[in-house]
Amino acid sequence: SGGNVVALLTLTALVCILLGMSLPTAVVYITLAVLVGPALAQLGIDPLAAHLFLFYFGMLSLITPPDCLATYTAAAIAHSDFWKTGWTGMRLGVAAYVVPFVFALHPALILKGQLAEILFALGASSIGTFLLAVGCAGHLFRALDWFKRGLFCLAGLLLMLPTWQGPWLIADAAGLLLGVALFAFERWKSSPILAGGGEPSRTAR
(Lines give C-alpha, C1' and ligand atoms only; values in the text may rest on other atoms or scores of the structure.)
Protein backbone atom coordinates (compact mmCIF):
# COMPACT_ATOMS: atom_id res chain seq x y z
CA SER A 1 0.00 0.00 0.00
CA GLY A 2 3.05 2.28 0.09
CA GLY A 3 2.17 3.60 3.54
CA ASN A 4 -1.23 4.85 2.37
CA VAL A 5 -3.80 4.15 5.09
CA VAL A 6 -6.85 4.24 2.81
CA ALA A 7 -5.18 1.93 0.28
CA LEU A 8 -4.27 -0.57 3.00
CA LEU A 9 -7.80 -0.48 4.42
CA THR A 10 -9.25 -1.04 0.95
CA LEU A 11 -6.96 -3.99 0.24
CA THR A 12 -7.74 -5.43 3.67
CA ALA A 13 -11.48 -5.10 3.06
CA LEU A 14 -11.19 -6.95 -0.26
CA VAL A 15 -9.14 -9.74 1.32
CA CYS A 16 -11.66 -10.06 4.18
CA ILE A 17 -14.54 -10.44 1.73
CA LEU A 18 -12.66 -12.92 -0.47
CA LEU A 19 -11.60 -15.08 2.47
CA GLY A 20 -15.09 -14.85 3.97
CA MET A 21 -16.53 -16.50 0.87
CA SER A 22 -14.99 -19.82 1.87
CA LEU A 23 -14.05 -19.49 5.54
CA PRO A 24 -16.02 -18.78 8.73
CA THR A 25 -15.93 -15.20 9.98
CA ALA A 26 -13.93 -16.12 13.08
CA VAL A 27 -11.20 -17.76 10.99
CA VAL A 28 -11.01 -14.75 8.68
CA TYR A 29 -10.71 -12.41 11.64
CA ILE A 30 -8.01 -14.41 13.43
CA THR A 31 -5.96 -14.85 10.25
CA LEU A 32 -5.99 -11.19 9.27
CA ALA A 33 -5.60 -9.97 12.85
CA VAL A 34 -2.24 -11.74 12.85
CA LEU A 35 -1.18 -10.79 9.31
CA VAL A 36 -2.65 -7.31 8.80
CA GLY A 37 -3.51 -6.03 12.28
CA PRO A 38 0.05 -4.93 13.16
CA ALA A 39 0.41 -3.07 9.84
CA LEU A 40 -2.82 -1.15 10.46
CA ALA A 41 -1.62 -0.21 13.95
CA GLN A 42 1.74 0.98 12.60
CA LEU A 43 -0.06 3.34 10.21
CA GLY A 44 -1.89 4.97 13.10
CA ILE A 45 -5.18 3.05 13.12
CA ASP A 46 -6.55 2.58 16.63
CA PRO A 47 -6.08 -1.10 17.61
CA LEU A 48 -9.73 -1.57 18.60
CA ALA A 49 -10.91 0.08 15.37
CA ALA A 50 -8.53 -2.10 13.35
CA HIS A 51 -9.87 -5.32 14.87
CA LEU A 52 -13.49 -4.19 14.44
CA PHE A 53 -12.70 -3.36 10.81
CA LEU A 54 -11.40 -6.88 10.18
CA PHE A 55 -14.33 -8.59 11.86
CA TYR A 56 -16.88 -6.29 10.22
CA PHE A 57 -15.69 -6.96 6.69
CA GLY A 58 -15.39 -10.65 7.43
CA MET A 59 -19.15 -10.66 8.08
CA LEU A 60 -19.95 -8.57 5.00
CA SER A 61 -18.99 -11.52 2.82
CA LEU A 62 -22.39 -12.95 3.81
CA ILE A 63 -24.16 -10.37 1.63
CA THR A 64 -21.50 -9.88 -1.06
CA PRO A 65 -21.97 -11.83 -4.33
CA PRO A 66 -21.07 -14.27 -5.69
CA ASP A 67 -20.70 -16.54 -2.64
CA CYS A 68 -23.05 -14.87 -0.15
CA LEU A 69 -24.57 -17.46 2.15
CA ALA A 70 -27.19 -15.12 3.58
CA THR A 71 -28.44 -14.41 0.07
CA TYR A 72 -28.76 -18.12 -0.71
CA THR A 73 -31.01 -18.49 2.32
CA ALA A 74 -33.06 -15.37 1.58
CA ALA A 75 -33.54 -16.29 -2.08
CA ALA A 76 -34.65 -19.80 -1.16
CA ILE A 77 -37.20 -18.49 1.34
CA ALA A 78 -38.53 -15.83 -1.05
CA HIS A 79 -38.39 -18.12 -4.11
CA SER A 80 -36.54 -15.36 -5.96
CA ASP A 81 -33.60 -15.24 -8.34
CA PHE A 82 -30.31 -15.62 -6.47
CA TRP A 83 -28.36 -13.02 -8.43
CA LYS A 84 -31.11 -10.43 -8.31
CA THR A 85 -31.49 -10.97 -4.57
CA GLY A 86 -27.74 -10.78 -4.04
CA TRP A 87 -27.16 -7.54 -5.93
CA THR A 88 -30.27 -5.95 -4.40
CA GLY A 89 -29.10 -6.87 -0.90
CA MET A 90 -25.64 -5.49 -1.59
CA ARG A 91 -27.11 -2.26 -2.99
CA LEU A 92 -29.41 -1.76 -0.01
CA GLY A 93 -26.55 -2.48 2.38
CA VAL A 94 -23.96 -0.29 0.68
CA ALA A 95 -23.70 1.95 3.74
CA ALA A 96 -22.34 -1.05 5.62
CA TYR A 97 -19.29 -1.01 3.34
CA VAL A 98 -18.57 2.62 4.23
CA VAL A 99 -19.05 2.59 8.01
CA PRO A 100 -15.91 0.51 8.79
CA PHE A 101 -13.73 3.03 6.95
CA VAL A 102 -15.32 5.82 8.97
CA PHE A 103 -14.63 4.35 12.41
CA ALA A 104 -11.17 3.16 11.35
CA LEU A 105 -10.17 6.69 10.36
CA HIS A 106 -12.25 8.43 13.02
CA PRO A 107 -12.26 6.40 16.30
CA ALA A 108 -14.77 8.80 17.87
CA LEU A 109 -17.43 6.69 16.17
CA ILE A 110 -16.52 3.82 18.51
CA LEU A 111 -16.68 6.17 21.51
CA LYS A 112 -12.98 7.02 21.72
CA GLY A 113 -12.19 10.69 22.17
CA GLN A 114 -13.73 13.81 23.67
CA LEU A 115 -17.47 13.93 24.29
CA ALA A 116 -18.10 16.69 21.74
CA GLU A 117 -16.17 14.79 19.08
CA ILE A 118 -18.04 11.56 19.85
CA LEU A 119 -21.45 13.25 19.67
CA PHE A 120 -20.52 14.95 16.39
CA ALA A 121 -19.27 11.70 14.88
CA LEU A 122 -22.37 9.75 15.92
CA GLY A 123 -24.79 12.41 14.70
CA ALA A 124 -23.07 13.11 11.39
CA SER A 125 -22.52 9.43 10.60
CA SER A 126 -26.11 8.50 11.47
CA ILE A 127 -27.54 11.17 9.19
CA GLY A 128 -24.99 10.34 6.50
CA THR A 129 -25.88 6.65 6.65
CA PHE A 130 -29.57 7.49 6.28
CA LEU A 131 -28.96 9.73 3.27
CA LEU A 132 -26.67 7.18 1.63
CA ALA A 133 -29.25 4.44 2.18
CA VAL A 134 -31.96 6.62 0.62
CA GLY A 135 -29.79 7.23 -2.43
CA CYS A 136 -29.04 3.53 -2.88
CA ALA A 137 -32.63 2.42 -2.27
CA GLY A 138 -33.99 5.07 -4.64
CA HIS A 139 -37.06 5.93 -2.61
CA LEU A 140 -38.04 8.62 -0.10
CA PHE A 141 -41.78 9.31 0.12
CA ARG A 142 -41.76 8.47 -3.61
CA ALA A 143 -39.46 6.98 -6.25
CA LEU A 144 -36.30 9.00 -6.97
CA ASP A 145 -34.62 9.51 -10.32
CA TRP A 146 -30.92 8.75 -10.77
CA PHE A 147 -29.85 12.38 -10.43
CA LYS A 148 -31.51 12.80 -7.04
CA ARG A 149 -30.22 9.44 -5.92
CA GLY A 150 -26.71 10.63 -6.74
CA LEU A 151 -27.25 13.83 -4.76
CA PHE A 152 -28.47 11.87 -1.73
CA CYS A 153 -25.41 9.60 -1.93
CA LEU A 154 -23.12 12.61 -2.24
CA ALA A 155 -24.69 14.29 0.79
CA GLY A 156 -24.36 11.09 2.81
CA LEU A 157 -20.71 10.57 1.91
CA LEU A 158 -19.85 14.18 2.73
CA LEU A 159 -21.39 13.78 6.18
CA MET A 160 -19.51 10.56 6.79
CA LEU A 161 -16.08 12.10 6.20
CA PRO A 162 -13.96 11.04 9.19
CA THR A 163 -13.17 14.43 10.67
CA TRP A 164 -14.84 17.29 12.46
CA GLN A 165 -12.11 19.90 12.35
CA GLY A 166 -10.37 21.95 9.69
CA PRO A 167 -11.53 22.44 6.10
CA TRP A 168 -13.30 19.06 6.04
CA LEU A 169 -15.86 20.53 8.45
CA ILE A 170 -17.06 22.64 5.51
CA ALA A 171 -17.72 19.43 3.58
CA ASP A 172 -19.74 18.08 6.51
CA ALA A 173 -21.77 21.29 6.63
CA ALA A 174 -22.33 21.16 2.87
CA GLY A 175 -23.50 17.55 3.13
CA LEU A 176 -25.92 18.44 5.91
CA LEU A 177 -27.37 21.41 4.04
CA LEU A 178 -27.72 19.38 0.84
CA GLY A 179 -29.35 16.50 2.70
CA VAL A 180 -31.82 18.73 4.53
CA ALA A 181 -32.70 20.54 1.30
CA LEU A 182 -33.27 17.27 -0.57
CA PHE A 183 -35.34 15.80 2.26
CA ALA A 184 -37.50 18.93 2.53
CA PHE A 185 -37.99 19.08 -1.24
CA GLU A 186 -39.05 15.43 -1.48
CA ARG A 187 -41.40 15.85 1.48
CA TRP A 188 -42.93 18.91 -0.15
CA LYS A 189 -43.28 17.26 -3.58
CA SER A 190 -44.95 14.21 -2.07
CA SER A 191 -47.51 16.15 -0.01
CA PRO A 192 -51.12 15.17 -0.84
CA ILE A 193 -52.20 18.73 -1.68
CA LEU A 194 -49.35 19.27 -4.15
CA ALA A 195 -49.89 15.84 -5.67
CA GLY A 196 -53.54 16.67 -6.30
CA GLY A 197 -54.78 14.40 -3.53
CA GLY A 198 -56.14 16.27 -0.57
CA GLU A 199 -59.37 15.19 1.04
CA PRO A 200 -61.36 12.75 -1.08
CA SER A 201 -64.60 14.18 -2.35
CA ARG A 202 -67.80 12.72 -0.97
CA THR A 203 -70.73 12.17 -3.26
CA ALA A 204 -74.15 12.45 -1.67
CA ARG A 205 -76.30 9.40 -1.97
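The values are calculated or read from the model by the stated rules, or taken from the named source; none is laboratory data. Keep in mind the model is a prediction, meaning the values are calculated, not measured. Here the Cβ positions follow ideal geometry from the backbone for every residue, glycine too, while neighbour counts run over all protein chains shown.
Tabulated data for the structure shown
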quantity	calculated
Residue in segment 148-158 that is outside any helix (DSSP H, G or I), within 21 Å of the chain's Cα centre (by Cα), under 30 Å from LYS112 (Cα atoms) and at pLDDT 75 or above present	no
Flag for GLY135 being within 21 Å of LEU157 (Cβ to Cβ) and either outside the structural domain of LEU43 (by the TED database) or among the small types (Gly, Ala, Ser) (or both)	yes
Elements of type helices (runs of 4 or more DSSP H) in segment 18-67, at least 2 residues being among the aliphatic types (A, V, I, L, M) and in contact with a Pro (Cβ under 9 Å, 6 or more places away or on another chain)	37-42, 47-60
Any hit, segment 114-124, residues being within 29 Å of PRO66 (Cβ to Cβ) and either without any contact (Cβ under 8 Å) to a residue 40 or more places away in the chain or more than 10 Å from the chain's Cα centre (by Cα) (or both)	no
Verdict on ALA76 being in a helix (DSSP H, G or I) and assigned by the TED database to the domain that holds PHE152	no
Pick from segment 128-147, criterion of a type in the set (A, V, I, L, M), free of Cβ contacts under 8 Å to residues at least 40 places away in the same chain and assigned to a helix (DSSP H, G or I), ranking: farthest from LEU109 (Cα to Cα)	VAL134
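So that you can scan it fast, the table gives a plain yes or no per residue for (1) within 18 Å of the chain's Cα centre (by Cα); (2) surrounded by fewer than 16 Cβ atoms within 10 Å (Cβ to Cβ); (3) modelled with pLDDT of 85 or more:
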position: THR10; (1), (2), (3): yes, yes, yes
position: GLY20; (1), (2), (3): no, no, no
position: LEU32; (1), (2), (3): no, no, yes
position: LEU35; (1), (2), (3): no, yes, yes
position: PRO38; (1), (2), (3): no, yes, yes
position: ILE63; (1), (2), (3): yes, no, no
position: TYR72; (1), (2), (3): no, yes, no
position: GLY89; (1), (2), (3): yes, no, no
position: TYR97; (1), (2), (3): yes, no, yes
